[in-house]
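*Asks:* Below are the structure tokens for one structure; questions will follow.
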Amino acid sequence: MQKQPEVMEKMMSLCKRRGFIFQSSEIYGGLSSVWDYGPLGAELKRNLKEAWWRSYVYGRDDIEGLDAAILMNPLVWMASGHVTSFEDTLVDCLSCRKRFKVEHVTGKICPECGGALTEARQFNLMLKTHLGPVEDSASLSYLRPETAQGIFVNFSNVLSSMRRKIPFGIAQTGKSFRNEVTTGNLTFRSREFEQMEIEFFVKPGTDEEWYHKWVEERFGWYISLGIKKANLRKREHAKDELAHYAKGCTDIEYQFPFGWSELEGIANRTDFDLKQHARLSGKDLQYFDEETKEKYLPYVIEPSGGVDRSILAFLTDAYTEEEVRGEKRFSLKIHKTLAPIKAAVLPLLRNRPEIVSLARAITAELKDNMKAMYDDTASIGRLYRRQDEIGTPYCITVDVDSLSDHKVTVRDRDSMKQDRIGVDKVKEYVVEQLKGAV
Ligand code: ATP
């Protein structure tokens, strides 16, 4: 068993070295808790969001998709309670000037340098901006701290335009911003991050049942994409821990190298948000049930996950070190659906034009169906190691024999089993092996 901080260091090194995650504005010394996704990270992120979208917007018939703007009318944040209560309570150290959340310190002593701390004060986590040419209070706006409110304010629009009946949900992925105070652990707590949220509208009285269904559904989703069950757990919030709007909340936690931490929260938000928006906007947001002739404000079950935290969990979970024939092998045993590159074509001899052109032709054919790449920049052993480290499920090797027997070798990342396949069958074979992952 490796020491956990070591795993985190290895993850950070892998992310940077292999183009998954870079520090934002790195050449200027970076920007604290803001990250950029490199070429492989961008693919992984797209694959993850697409898997989520496919599971819920395409896979079910009771969910619609939405893509609401980041900027919203500031009244939205009054209604949601973010202007008044989206706060951390902070203390500052009078000696080293570091800032801490009050729940992270004991007594009035700085945990870093032992200096004296200031009195606690409230700090709003929303990032402010101004719209238009004049920077006054009338132009004040916020970068959304959650995607959920874009869904609530569009509830009636989606309901009527899509002729929906309760129960149904609205799903959306997108950026959110929080001026987080405690940072660190790579992307775990970022100031700009992405969420994948569903607001599922149900009839009051059926909310408990739907809440439990969604907890199970979301827990199973991570496992279906390869997260080891032993690294995932549910943690129900105690009554005194619940957010002011929630009747119940369960966190899905992942055992990160730095400890068990929240990956996703599933909350029963009751009718809090719709009620608040109805009150501040003056619009009737009630649902009319044609069958029973009842009018009511639906309750909402919200599975709210983080894209960046999920990526971190999927990467750490997949990272594998093993001994193969006396040598250390590093591989990323990530689910094929998420793998940034699905297949790599590697010519055994790069100075043989016929081999190179055959390998390039196979790559071009694969590219019609998936993210595939050609690589001839090193010896075959090193090329395999590179692909293993970034989690490419299939490597296709073109060798001298390929020119006469018209066959190539396809190697499976996890079993390392090699199959000799006809050149004209390679695409079909790889697509079949990837089964729905492309
Ligand atoms: P925490 O308690 O860790 O701050 P939270 O309970 O405030 O998280 P929610 O408001 O429930 O988080 O947001 C839903 C999801 O959005 C979280 O489970 C997480 O995956 C993601 N998320 C929230 N804040 C951040 C952040 N600063 N950086 C990355 N992801 C975040």
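*Asks:* As an exercise, use a Förster radius of 51 Å and the Cβ-Cβ distance of Gln418 and His212 to find the FRET efficiency, rounded to the nearest 0.05.
*Replies:* Numbers: r = 46 Å, r/R0 = 0.90.
E between Gln418 and His212, to the nearest 0.05, is 0.65.
*Asks:* Rounded to the nearest 10 degrees, what's the angle between the helix 4-17 long axis and the longest principal axis of the chain, both from Cα atoms, 0 to 90?
*Replies:* 70 degrees
*Asks:* Two-decimal Rg/Rh of the chain from alpha-carbon positions, Kirkwood Rh?
*Replies:* Result: Rg/Rh = 1.03.
*Asks:* Could I ask something else about it? Give the accessible surface of region 121-276 per residue, rounded to a whole number of Å², with probe radius 1.4 Å and ligands, DNA and RNA excluded.
*Replies:* With the other protein chains kept in place, region 121-276 gives 43 Å² per residue.
*Asks:* Quantify, in whole percent, the carbon and sulfur part of the accessible surface of the chain (1.4 Å probe; protein heavy atoms only).
*Replies:* 51 percent
*Asks:* Within region 38-83, which trypsin sites (Lys or Arg not before Pro) sit in a loop by DSSP and count at most 15 neighbouring Cβ atoms inside 10 Å? Present the calculation step by step, with values, prior to reporting the outcome.
*Replies:* Working: sites: Lys45, Arg46, Lys49, Arg54, Arg60; in loops: Arg60.
For trypsin sites (Lys or Arg not before Pro) across region 38-83 that sit outside H, G, I, E and B with at most 15 neighbouring Cβ atoms in 10 Å, the list reads Arg60.
*Asks:* List every residue whose amide H lies under 5 Å from the amide H of Ser141, counting only residues 5 or more places away in sequence or on a different chain, with H placed 1.01 Å from N in the peptide plane.
*Replies:* HN-HN under 5 Å from Ser141: Thr129, His130, Leu131.
*Asks:* Length gain on complete extension for the stretch Leu242 to Thr377, per 0.36 nm per residue less the alpha carbon to alpha carbon distance?
*Replies:* Working: separation 135, 0.36 × 135 = 48.60 nm, distance 5.45 nm.
Stretched out fully, the Leu242 to Thr377 stretch lengthens by 43.2 nm.
*Asks:* Rounding to the nearest 10 and keeping the result within 0 to 90°, find how far the Cα-based axis of helix 272-281 lies from the longest principal axis of the chain.
*Replies:* Helix 272-281 and the main axis of the chain meet at about 60 degrees.
*Asks:* Using only the alpha carbon atoms of region 341-437, find the Kirkwood hydrodynamic radius as the inverse mean reciprocal pair distance, in angstroms to one decimal.
*Replies:* For region 341-437, inverting the mean 1/r across all distinct Cα pairs yields 13.0 Å.
*Asks:* Near Arg164, within a Cβ-to-Cβ distance under 9 Å, what is the net charge of the other residues, with Lys and Arg +1 and Asp and Glu -1? Don't jump to the answer; show the numbers that get you there.
*Replies:* On the way: positive: Arg163, Lys165; negative: Asp62, Glu64.
After counting each charged neighbour, the total is 0.
*Asks:* How high is the relative contact order of region 254-389, in percent, with contacts defined as C-alpha pairs under 8 Å that are six or more residues apart?
*Replies:* Contact order relative to length: 18 percent.
*Asks:* Over 32 Å between Cα atoms: which of Lys213/Lys239; Lys239/Lys293; Lys16/Lys371; Lys101/Lys328; Lys10/Lys417 fall into that group?
*Replies:* Where the Cα-Cα span goes over 32 Å, the pairs concerned are Lys239/Lys293; Lys101/Lys328.
*Asks:* Where q = 0.13 Å⁻¹, what log10 of I(q)/I(0) comes from the Debye formula for region 1-113, counting one point per Cα?
*Replies:* For region 1-113 at q = 0.13 Å⁻¹, log10 I(q)/I(0) is -1.03.
*Asks:* Still on this model: Spit out the partnerless Cys residues in the chain, using Cβ distances under 4.7 Å as the pairing rule.
*Replies:* Cys15, Cys249, Cys395
*Asks:* Roughly how many Å² is the accessible area per residue of region 341-437, as a whole number, for a 1.4 Å probe?
*Replies:* Counting only protein heavy atoms, the per-residue value for region 341-437 is 47 Å².
The values are calculated or read from the model by the stated rules, or taken from the named source; none is laboratory data. Note that the structure is predicted; figures quoted are calculated from it, not measured. For neighbour counting, all protein chains shown are included, and Cβ atoms are generated from backbone atoms with ideal geometry for every residue, glycine included. Areas reflect the complete protein model, heavy atoms only, side chains present, ligands, DNA and RNA absent. Shrake-Rupley method; radii C 1.70, N 1.55, O 1.52, S 1.80 Å.
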